[in-house]
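Here is the structure we will look at.
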Amino acid sequence: MRRQVALVTGGASGIGRALAAALSARGHDVVVADVDGPAAKAAADTLGAQAVELDVTDRAAFADVVRSVSGEHGSLDLLFNNAGIGVGGLVDELGDEHWDRCLAVNLHGVVHGVQAAVPVMTAQGSGHIVNTASMAGLMTVPMMLPYTTTKHAVVALSRALRAELKPVGVRVTAVCPGFIATPLLDNLNPGMAANDATRSVRQSAALLQPRGLPGPDELAEAVLRGLAKDKALIVFPRAQWGVVAAQRWAPALVDRMIDQQVRAYRARRTAP
Ligand SMILES: NC(=O)c1ccc[n+]([C@@H]2O[C@H](COP(=O)([O-])OP(=O)(O)OC[C@H]3O[C@@H](n4cnc5c(N)ncnc54)[C@H](O)[C@@H]3O)[C@@H](O)[C@H]2O)c1
């Protein structure tokens with residue numbers, strides 16, 4: 001049987017790296033793409049994969065990578081639009097750089113991947129586009145406004161794109177992880193002004209997932225199981241469906257918890 005060809009953005013670390021490892025273990029031809037070229041190479045070398053340096057905010061570069069991967073391998077079967085950054089803080093702590101960078105990587109990066117892959121996969125009459133969104137794409141998430149905005153957009157884009165591409169044989173899935181133990185949680189606002197948000201993210205994680213955070217490998221296995229069933233939305237851990245249900249059926253309770261979190265963050269910020 002022909003080997004499946006998979007391109008994973010943000011594949012040098014965390015969830016992307018775990019996806020690349022799980023795909024390699026299943027015998028797929030994997031291309032690890034990351035803005036951090038040396039880290040992509042290091043990850044790819046350990047997995048027996050191929051590495052490419054790619055900044056997903058660069059539309060033309062993304063199109064070039066998709067063209068060269070599908071040209072070289074004869075197809076592109078799986079595109080994981082996974083690269084993303086965490087941006088946190090209250091709205092008045094966030095400047096233009098936070099908004100622009102987050103929209104560029106988390107939203108435009110996905111759009112660029114979609115624009116590059118759709119013509120290739122449509123011509124093939126097959127393929128699967130997998131967009132890493134977040135529980136922040138389904139829930140009210142204050143103190144991470146640019147992040148939650150982009151992740152809601154990625155969920156919406158994925159659902160609508162899935163409907164558009166179904167008749168031509170191309171699948172689309174949005175992945176909505178809860179908190180996962182990766183470097184992202186300790187590296188909010190990378191390269192930008194720091195604030196108190198990392199601590200607040202860790203506190204939210206402890207509140208919402210009191211049994212601790214799963215690792216990216218567990219998530220990757222759940223994602224591949226979900227893709228085999230062609231799920232439109234993969235929520236992980238499964239218990240996070242309870243959080244979605246709570247927001248829907250007990251909104252006043254959830255609003256109260258959120259209000260407490262925001263007040264605690266504001267109080268800490270003004271504390272001497
Ligand atoms: N860790 C979590 O709790 C969590 C939860 C929900 C969703 N997510 C999402 O999962 C995805 C992966 O995050 P992670 O937790 O593995 O983070 P991570 O920081 O471990 O990995 C992110 C990778 O993306 C790369 N990257 C950043 N900007 C890029 C760009 N412009 N172009 C290409 N690559 C770029 C980084 O170099 C890094 O290798 C993100 O989209 C994130 O929003 C993470």
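The values are calculated or read from the model by the stated rules, or taken from the named source; none is laboratory data. Since the model is a prediction, treat every value here as computed from it, not as a measurement. All Cβ positions, even for glycine, are placed from backbone atoms using ideal geometry, and neighbour counts span all protein chains on display.
For the reader, a short list of remarks on this structure follows.
- Failed condition for residue 68, given (1) of a type outside the set (Phe, Trp, Tyr); (2) in a helix (DSSP H, G or I); (3) within 24 Å of residue 182 (Cβ to Cβ): (3)
- Failed criterion for residue 147 (all others in (1) on the phi > 0 side of the Ramachandran plot; (2) at pLDDT 95 or above hold): (1)
- Pairs, first under 15 Å from residue 91 (Cα atoms) in the stretch 178-204, second among the β-branched types (Val, Ile, Thr), C-beta under 6 Å, six or more apart: 188/198; 189/87
- Taken over the stretch 12-64, the criterion of being touching a Lys or Arg at 6+ places or on another chain (Cβ under 6 Å) and within 12 Å of the ligand (Cβ to nearest atom) is satisfied by 43, 51.
- Some residue of the stretch 219-238 being surrounded by 13 or more Cβ atoms within 10 Å (Cβ to Cβ), in contact with a strand residue (DSSP E or B) (Cβ under 7 Å, 6 or more places away or on another chain) and in a loop (DSSP other than H, G, I, E, B): yes
- Residues of the stretch 135-190 that are over 14 Å from the mean Cα position of the chain (by Cα), assigned to a loop (DSSP other than H, G, I, E, B) and within 13 Å of the ligand (Cβ to nearest atom): 139, 141, 187, 188, 189, 190.
- Candidate set: the stretch 239-272, residues that are farther than 16 Å from residue 139 by Cβ and among the basic types (Lys, Arg); chosen: the one surrounded by the most Cβ atoms within 10 Å (Cβ to Cβ): 269
- The stretch 191-203, residues that are more than 17 Å from the chain's Cα centre (by Cα) and either crowded, with 21+ Cβ neighbours inside 10 Å or not small (Gly, Ala, Ser) (or both): 192, 195, 196, 197, 198, 199, 200, 202, 203
- Matching residues, the stretch 90-120, being closer than 17 Å to residue 63 by Cβ and more than 12 Å from the ligand (Cβ to nearest atom): 111, 114, 115, 116, 117, 118, 119, 120
- Of the listed requirements (1) part of a strand (DSSP E or B); (2) modelled with pLDDT under 90, residue 193 misses just one: (1).
- Reported count of residues in the stretch 100-127, each being over 27 Å from residue 213 (Cβ atoms) and touching a helix residue (DSSP H, G or I) at 6+ places or on another chain (Cβ under 6 Å), is 6.
- Qualifying residue in the stretch 80-95 (condition: touching a residue at least 60 places away in the same chain (Cβ under 8 Å), closer than 16 Å to residue 115 by Cα and among the β-branched types (Val, Ile, Thr)): no
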